[in-house]
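J.: Below are the structure tokens for one structure; questions will follow.
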Amino acid sequence: MSNNRDGQQDQYQQIDELFQSIYKALLNSKLPEKIKGKIKEEINTLKSFTLDARPARIAIVGRRGAGKSSLINAIFSEMRAEIGDVKAKTGMGRWHTYKSELGSLEILDTRGLGEADKPEEDYSQSSALEEVKASIKEKCPDAILFLSKAKEVSARIDEDLEQLLELKNSIHSHHEYNVPIIGLVTQVDELSPKKPDTPPFEHPVKQKNIADSINVLSTKLRDTVSNPVTVIPICCYLEFDDNDIVYDIRWNVDTLLDYLIEQLPNEAQVVMARLAKIRTVQKKVARRIGASVAGITGLIGANPIPGSDLPMITGVQIAMVTSIALIGGKKVDKKGVVEFLSAIGVNVGAGFALRQIARQLVKFIPIAGNVISGVVASAGTYALCEAAIAYFIEEKSDDSVRETYNKVYDKKKNENTK
């Protein structure tokens, strides 16, 4: 455990040193000050994805039986929260931390807002709402998931929505943050007709009942709490045997995670994408980071880039590559970056630090004289992004990664020269 912790500290120290070298290169650059300011903003965005990355904090709110604990287990693909079939299980509103080799996720699991009996676990406040408020003072949620059973979207929901609005206002008051709210229609498998009871629930009557439930919850959320609002129907049913999944009819959980990640702050997106283990979600976040780095090269493209400024560009590109490695759940160290660069045909010594690897990458970039064009910089950025996705997320062969790099580079270069 100690070795893993030391290794992780060394990895992030390498990333920190890389960013320090990028900032220093920008400071010493001969680019106009206005362009420098815009580039610094983009570098700060990239830094938020990498060095400042942290676990996402999600508050899950809903009446007893709405499926909060089931949702937690569905996201983790593990038994992380006990499910109370009859009596309320969750007591004092508390932050649960899920830890694995891929990172952590913090979820605020709460007592059902409308429950009549006391939960089996200990609780500290006089009402469910006050318990949730106490936990929110401790930490600010990045997003709130409001759960309502598909069969009960019209049953006593007005009181729940009023309390949800109070909760949202409390977060804004304590943290000055307008927290996004996502509505979830849960347990759609129980809507009639009972058959089909497995995804994708294609019976036309069942599909209509799902659509009606979405419409009811959407309307009520818009009118009372938040506008615009997104409501997603889901099924989270899992059965476990010694923490092994023996029955799985999850549906739309990947859609939820995809949308949720888009609502999270930059610093929470990478860890969440890594934990999601859904390649389409991971690639979307990776390409968002690639677009940010392409923004940097695009800004510089309006000005000739002296050769002395190249380490700044390649440094940002290496930071992008390490970000994508993080998303793919791979080790973020110089060895991993060197192996990736070798896959696309760049020969770099393994003894270099990340900032020195960035300088070595300069030798790989085709330049005219001592000036690199914005077209070349931008095309190289997109090509490195797609190659890193192929290598760290899709785990393709070196030949395939090299082919991806060359194909994307040629395509982007031709697009920008037309």
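J.: For Leu164, all conditions in the list (1) of a type in the set (A, V, I, L, M); (2) at pLDDT below 90; (3) touching a helix residue (DSSP H, G or I) at 6+ places or on another chain (Cβ under 6 Å); (4) closer than 12 Å to Gly62 by Cβ hold save one; what is the number of the exception?
T.: That leaves (3) as the condition not met.
J.: Filter segment 185-198 down to residues that are exposed (fewer than 15 other Cβ atoms within 10 Å of the Cβ) and either touching a residue at least 60 places away in the same chain (Cβ under 8 Å) or hydrophobic (A, V, I, L, M, F, W, C) (or both), then give me how many there are.
T.: Total meeting the criteria: 0.
J.: Would you please name the residue that is modelled with the lowest pLDDT, looking only at residues in segment 83-93 that are among the charged types (D, E, K, R) and farther than 16 Å from Leu108 by Cβ? Before the answer, list the steps.
T.: Let us first name the residues in segment 83-93 that are among the charged types (D, E, K, R), namely 85, 87, 89.
Next, only the ones that are farther than 16 Å from Leu108 by Cβ stay: 85, 87.
Working: Asp85: 42, Lys87: 37.
It comes out as Lys87.
J.: Assess whether Ala343 counts as being at negative phi, open to solvent by less than 30 Å² (accessible area, probe 1.4 Å) and at pLDDT 90 or above.
T.: It is true that Ala343 is at negative phi, open to solvent by less than 30 Å² (accessible area, probe 1.4 Å) and at pLDDT 90 or above.
J.: Still on this model: For Lys168, are the conditions met, namely being charged (D, E, K, R), open to solvent by 70 Å² or more (accessible area, probe 1.4 Å), part of a helix (DSSP H, G or I) and touching a residue at least 12 places away in the same chain (Cβ under 8 Å)?
T.: No.
J.: Something else now. So, of the residues in segment 199-219 that are within 20 Å of Lys68 (Cα to Cα) and among the polar types (S, T, N, Q), which turns out to be surrounded by the fewest Cβ atoms within 10 Å (Cβ to Cβ)?
T.: The residue in question is Ser218.
J.: Residues that are open to solvent by 60 Å² or more (accessible area, probe 1.4 Å) and either touching a residue at least 12 places away in the same chain (Cβ under 8 Å) or in contact with a strand residue (DSSP E or B) (Cβ under 8 Å, 6 or more places away or on another chain) (or both): which helices (runs of 4 or more DSSP H) entirely in segment 235-338 hold 1 or more of them?
T.: 253-263, 279-301
J.: Could you please find all residues in segment 24-51 being open to solvent by less than 30 Å² (accessible area, probe 1.4 Å) and either among the basic types (Lys, Arg) or not in a helix (DSSP H, G or I) (or both)?
T.: Within segment 24-51, Ser29, Leu31, Lys36, Thr50 meet the criteria.
J.: Quickly run through segment 223-234 and pick out the residues that are more than 25 Å from the chain's Cα centre (by Cα) and either without any contact (Cβ under 8 Å) to a residue 40 or more places away in the chain or in a strand (DSSP E or B) (or both). Walk me through it before giving the result.
T.: First pass over segment 223-234, keeping only residues more than 25 Å from the chain's Cα centre (by Cα): 223-224.
Within segment 223-234, just Asp223 meets the criteria.
J.: Across segment 123-148, what is the total count of residues that are buried (at least 23 other Cβ atoms within 10 Å of the Cβ), of a type in the set (Gly, Ala, Ser) and at pLDDT 70 or above?
T.: 1
J.: Scan segment 224-231 and tell me whether some residue there is surrounded by fewer than 14 Cβ atoms within 10 Å (Cβ to Cβ) and farther than 29 Å from Val285 by Cβ. Before you say what the answer is, go through the steps one by one.
T.: Residues of segment 224-231 that are surrounded by fewer than 14 Cβ atoms within 10 Å (Cβ to Cβ), as a first pass: 227-228.
Filter once more, keeping what is farther than 29 Å from Val285 by Cβ: none.
Scanning segment 224-231, I find no residue that is surrounded by fewer than 14 Cβ atoms within 10 Å (Cβ to Cβ) and farther than 29 Å from Val285 by Cβ, so the answer is no.
J.: Among Val321, Val316, Val332, which is under 21 Å from Lys47 (Cα atoms), at pLDDT below 85 and under 21 Å from the mean Cα position of the chain (by Cα)?
T.: Val332
J.: Those residues that are under 21 Å from Glu262 (Cβ atoms) and either crowded, with 20+ Cβ neighbours inside 10 Å or of a type outside the set (Phe, Trp, Tyr) (or both), I need them from segment 173-184; list them, please.
T.: His175, Asn178, Val179, Pro180, Ile181, Ile182, Gly183, Leu184, listed by residue number.
J.: Open to solvent by 80 Å² or more (accessible area, probe 1.4 Å) and under 21 Å from Leu71 (Cα atoms), is that true of Lys151?
T.: So Lys151 fits the description; yes.
J.: For segment 52-76, which residues satisfy the criterion of being assigned to a helix (DSSP H, G or I), at pLDDT 85 or above and open to solvent by less than 10 Å² (accessible area, probe 1.4 Å)?
T.: Matches in segment 52-76: Leu71, Ala74.
The values are calculated or read from the model by the stated rules, or taken from the named source; none is laboratory data. Source: prediction; values computed, not measured. All Cβ positions, even for glycine, are placed from backbone atoms using ideal geometry, and neighbour counts span all protein chains on display. These accessible areas exclude ligands, DNA and RNA; they are computed on the full protein's heavy atoms, side chains included. Shrake-Rupley method; radii C 1.70, N 1.55, O 1.52, S 1.80 Å.
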